[in-house]
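The values are calculated or read from the model by the stated rules, or taken from the named source; none is laboratory data. Note that the structure is a prediction, hence the values are computed from the model and not measured. Every residue, glycine among them, receives a Cβ derived from its backbone with ideal geometry; neighbour counts consider all protein chains shown. Only protein heavy atoms, including side chains, enter the accessible area calculation; ligands, DNA and RNA are left aside. Shrake-Rupley method; radii C 1.70, N 1.55, O 1.52, S 1.80 Å.
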Amino acid sequence: MIVLENPLLQDDLEDVDEDDTVEDMEITGALKSGKLSEVGAKTISHVNNVAKLKERLESIQKGLPWIESLDVTVDLKIPADELKSIISDNFKQEMLFYKQNQVGVQQSIARLHSMGIATARPEDYFAEMVKSDDHMRKVKEKLVSKQLVMERTEKVSKMRKMKKLGKKVQQEVLKKRADDKKAMLDSVKRVRKGHQPDDDFEINTEPEPSTSQKGGGINRKRKAKDAKYGSGGKKKFARKNTAESYKDVSSFSSRIHSKPKRSAKNDKRMGNKSQRPGKSKRAGMKNKQASRK
C-alpha cells in the first residue's frame with residue numbers, strides 16, 4: 001500500500017529522482033501491467049517535525065492586532081467518556097459546535113466592550129439605501145398588486161364553492177319535495193283503495209256537511225245528482241244490463257215507454273206547427289215585400 005507523504009516534508013523528498021524510483025520498482029516487481037502491487041511498495045512514515053512546523057507557522061503569521069482577526073479559542077473542557085459518545089453522534093456534535101460558538105461570541109463581545117468598541121447600532125444611525133426611492137416604490141406597488149390579485153382569486157374561488165354548495169342544497173330541497181309529494185300520492189292511492197292510511201298521513205274520508213245549508217239539512221240538489229250519477233265508486237259498466245235486470249220488467253209501462261200513434265188528434269196536441277221555409281224561399285219573400293213597398 002502506498003502512503004501519501006506529508007506536505008510539510010515535501011522539501012526533504014525533492015532530492016529523490018523519479019526515474020530512479022520507477023526503475024527500482026520495475027526491478028523489484030512492484031510495477032506490473034500498469035498497476036502497483038502491494039509487494040515491494042515503498043512506504044513513507046509520518047514524522048512530527050516540530051521545528052519545521054514552528055518555522056512554517058512563523059512564516060504565515062502577520063502579527064496583526066486582535067481587532068483585525070477576531071480569533072477566539074474556546075475550551076469547553078468535555079470529559080473523555082462524554083467525548084467518545086459525541087464522536088459517534090452527529091446531533092451531539094452539532095450541539096457542541098453551537099455551544100462552542102455561543103461561548104466564543106460572548107467572550108468576543110465582552111472583549112470588544114472592554115476596548116470601547118460598540119457592538120449594537122445606535123438609534124440615530126442612518127444608512128443610505130442601495131436602491132432609490134422610485135425603485136422601492138415600484139417594488140411596493142408590485143407587491144400590493146400581487147396581494148390584490150391573490151385576494152381576488154381567493155374571493156372568486158370562495159364564491160364558486162358557495163355557488164356549488166347552494167346548488168347542492170337546492171337539489172337536496174327539490175329532491176325532498178319530490179319524495180314528500182310521491183309519498184303523499186302513494187298514501188292517497190292507498191286510501192282510495194280502502195287501505196288504512198299511515199299515522200303521519202291522515203285523511204278524513206267522511207263527507208263534511210255544507211256550511212251553506214240552513215239548519216244542517218241534506219242538499220236536495222246533491223242528493224238528486226247522487227241518485228242519478230252515483231256517489232263515487234266504479235263507473236264503468238254501471239248502466240249495463242245484467243241477466244236479472246234483463247228479466248225484470250216491473251218498471252216497464254206501456255203508457256210511458258211506448259210511442260203514441262200518429263194521428264190528426266196527436267198533431268193538434270203537438271200544435272201543428274209548420275216547418276220553417278228554406279233560405280231561397282225566405283229571400284224571395286223578402287223581395288216581394290220590398291217590391292210592394
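Taking loop as defined by DSSP and a crowding limit of 10 other beta carbons within 10 Å, which GluC sites (Glu not before Pro) in the range 78-165 fit? Don't skip to the answer; put the middle values down first.
Details: sites: Glu82, Glu94, Glu123, Glu128, Glu141, Glu151, Glu154; in loops: Glu123, Glu128.
Within the range 78-165, the qualifying GluC sites (Glu not before Pro) (loop, at most 10 other Cβ atoms within 10 Å) are Glu123, Glu128.
Kirkwood Rh over alpha-carbon pairs of the range 93-190, then Stokes-Einstein at 4 °C and 1.567 mPa s: what D in µm² s⁻¹, rounded to an integer? Don't skip to the end; give the middle numbers.
Details: Rh = 22.1 Å.
This corresponds to a translational diffusion coefficient of 59 µm²/s.
Let me check I've understood the local charge: for Leu148, count other residues with C-beta under 13 angstrom from its C-beta, Lys and Arg +1, Asp and Glu -1. What total comes out?
Values: positive: Lys140, Lys142, Lys146, Arg152, Lys155; negative: Glu141, Glu151, Glu154.
Local charge sum for Leu148: +2.
Length gained on full extension, Asp133 to Lys175: 8.9 nm, using 0.36 nm per residue less the C-alpha separation.
List the trypsin sites (Lys or Arg not before Pro) within the range 105-172 that fall in a DSSP loop (any state other than H, G, I, E or B) and whose Cβ has at most 10 other Cβ atoms within 10 Å. Can you show the working numbers first?
Values: sites: Arg111, Lys131, Arg137, Lys138, Lys140, Lys142, Lys146, Arg152, Lys155, Lys158, Arg160, Lys161, Lys163, Lys164, Lys167, Lys168; in loops: Lys131.
Passing sites in the range 105-172 are Lys131.
Per residue, the range 52-149 exposes 93 Å² of accessible surface when a 1.4 Å probe is rolled over the protein heavy atoms with every protein chain present. For Tyr229, the solvent-accessible surface with a 1.4 Å probe is about 140 Å², rounded to the nearest 10. Taking θ as phi - 60° and the Karplus parameters 6.51, -1.76 and 1.60, the scalar couplings of the range 54-64 work out to 5, 5, 5, 5, 5, 6, 9, 6, 10, x, 7 Hz in sequence order, x denoting glycine and proline. The stretch between Gln106 and Lys164 holds 14.8 nm of extra length on full extension. This uses 0.36 nm per residue minus the Cα-Cα distance. Sorting Ser85, Ser69 on solvent-accessible area from highest to lowest, probe radius 1.4 Å, gives Ser69, Ser85.
Considering the dipole of the range 75-174 built from charges on the beta carbon (Lys and Arg +1, Asp and Glu -1) around the Cα centre, which of Leu165, Val130, Leu143 is farthest to its positive end? Farthest towards the positive end: Leu165.
Start at zero, step by 5 Å, and the Cα-Cα distances of the range 32-178 spread as 1, 6, 6, 6, 6, 7, 9, 8, 8, 7, 7, 6, 5, 6, 5, 3, 2, 2, 1, 1, 0 percent across the bins.
Heavy-atom accessible area for Met159, with the other protein chains in place and a 1.4 Å probe, reaches approximately 120 Å².
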